[in-house]
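Visitor: I am attaching a structure below and will ask some questions about it afterwards.
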């Protein structure tokens with residue numbers, strides 16, 4: 001059984017979220033945020049990141065999806081930080097380019113211990129179905145702040161908003177998977193500082 005697992009719960013007046021994460025999974029997802037399009041995007045991370053993720057969120061969706069999406073990012077970031085541990089013996093850096101028809105996105109991640117989000121994604125329209133695409137940035141900001149990673153996300157091409165979003169999430173999953181991969185040539189912390 002993998003030791004790179006974590007369970008985290010978040011309980012506020014706006015959301016109640018439970019996350020169980022296994023970094024050494026096989027792409028198994030059990031997702032229920034109450035926001036179907038967001039569940040679809042989270043599933044991309046799981047499948048392409050080869051993670052196992054169980055996530056249940058109850059939020060104030062009668063107001064809008066904002067608190068739920070942001071707080072899932074926060075809680076998933078906390079679970080990731082806990083599961084990855086001291087980062088000894090891993091690659092630390094990850095990157096991926098992912099196409100979907102006309103869309104192409106690039107994601108680069110550094111498990112640096114320093115939160116930083118550089119998000120350059122222009123969606124062709126403001127909503128995908130009923131989902132406000134501005135919330136996707138809020139998800140990544142919440143993740144970055146609590147996972148303590150540096151994350152660059154760039155949409156390079158795309159005229160279909162759904163395709164753009166999907167390439168971003170697939171590339172994020174693949175970059176995360178690479179960064180967490182054990183490095184047989186690195187026994188310690190992958191930093192000259194000796195800590196991340």
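Visitor: Quick one: which residue in 27, 34, 73 is part of a helix (DSSP H, G or I) and either surrounded by fewer than 17 Cβ atoms within 10 Å (Cβ to Cβ) or in contact (Cβ under 8 Å) with a residue 12 or more places away in the chain (or both)?
Guide: Numbers: 27 fails: part of a helix (DSSP H, G or I); 34 fails: part of a helix (DSSP H, G or I).
The unique qualifying residue is 73.
Visitor: In the stretch 15-43, what count of residues is obtained for those that are more than 15 Å from residue 177 (Cβ to Cβ) and out of contact with any strand residue (DSSP E or B) (no Cβ under 6 Å at 6 or more places or on another chain)?
Guide: 6
Visitor: May I ask you to list the residues in the stretch 100-131 that are surrounded by fewer than 18 Cβ atoms within 10 Å (Cβ to Cβ), in a strand (DSSP E or B) and within 18 Å of the chain's Cα centre (by Cα)?
Guide: Answer for the stretch 100-131, where residues must be surrounded by fewer than 18 Cβ atoms within 10 Å (Cβ to Cβ), in a strand (DSSP E or B) and within 18 Å of the chain's Cα centre (by Cα): 116, 117, 118, 119, 120.
Visitor: Just a yes or no: is a residue in the stretch 38-48 in a loop (DSSP other than H, G, I, E, B) and either in contact (Cβ under 8 Å) with a residue 24 or more places away in the chain or surrounded by fewer than 22 Cβ atoms within 10 Å (Cβ to Cβ) (or both)? Can you show your working first?
Guide: Let us first name the residues in the stretch 38-48 that are in a loop (DSSP other than H, G, I, E, B), namely none.
Checked the stretch 38-48: no residue is in a loop (DSSP other than H, G, I, E, B) and either in contact (Cβ under 8 Å) with a residue 24 or more places away in the chain or surrounded by fewer than 22 Cβ atoms within 10 Å (Cβ to Cβ) (or both).
Visitor: From the list 88, 79, pick out the single residue that is in contact (Cβ under 8 Å) with a residue 40 or more places away in the chain, crowded, with 23+ Cβ neighbours inside 10 Å and within 23 Å of residue 108 (Cα to Cα).
Guide: On the way: 88 fails: crowded, with 23+ Cβ neighbours inside 10 Å.
Sole residue among the options that is in contact (Cβ under 8 Å) with a residue 40 or more places away in the chain, crowded, with 23+ Cβ neighbours inside 10 Å and within 23 Å of residue 108 (Cα to Cα): 79.
Visitor: Looking for something without any contact (Cβ under 8 Å) to a residue 24 or more places away in the chain, closer than 16 Å to residue 74 by Cα and surrounded by fewer than 23 Cβ atoms within 10 Å (Cβ to Cβ) - is there at least one such residue anywhere in the stretch 148-171?
Guide: Our first condition is that a residue be without any contact (Cβ under 8 Å) to a residue 24 or more places away in the chain; within the stretch 148-171, this holds for none.
No: zero hits.
Visitor: Ok, one more. How many residues does the stretch 179-196 hold that are within 15 Å of the chain's Cα centre (by Cα) and surrounded by fewer than 19 Cβ atoms within 10 Å (Cβ to Cβ)?
Guide: Of all residues in the stretch 179-196, those within 15 Å of the chain's Cα centre (by Cα) come to 179-180.
After this cut, where a residue has to be surrounded by fewer than 19 Cβ atoms within 10 Å (Cβ to Cβ) as well, the list is none.
Within the stretch 179-196, residues that are within 15 Å of the chain's Cα centre (by Cα) and surrounded by fewer than 19 Cβ atoms within 10 Å (Cβ to Cβ) number 0.
Each value in this text was obtained by applying a stated rule to the coordinates, not by laboratory testing. Computed from a predicted model, the values in this text were never measured in an experiment. Using ideal geometry, Cβ is built from the backbone for each residue, glycine included, and neighbour counts are taken over all protein chains shown.
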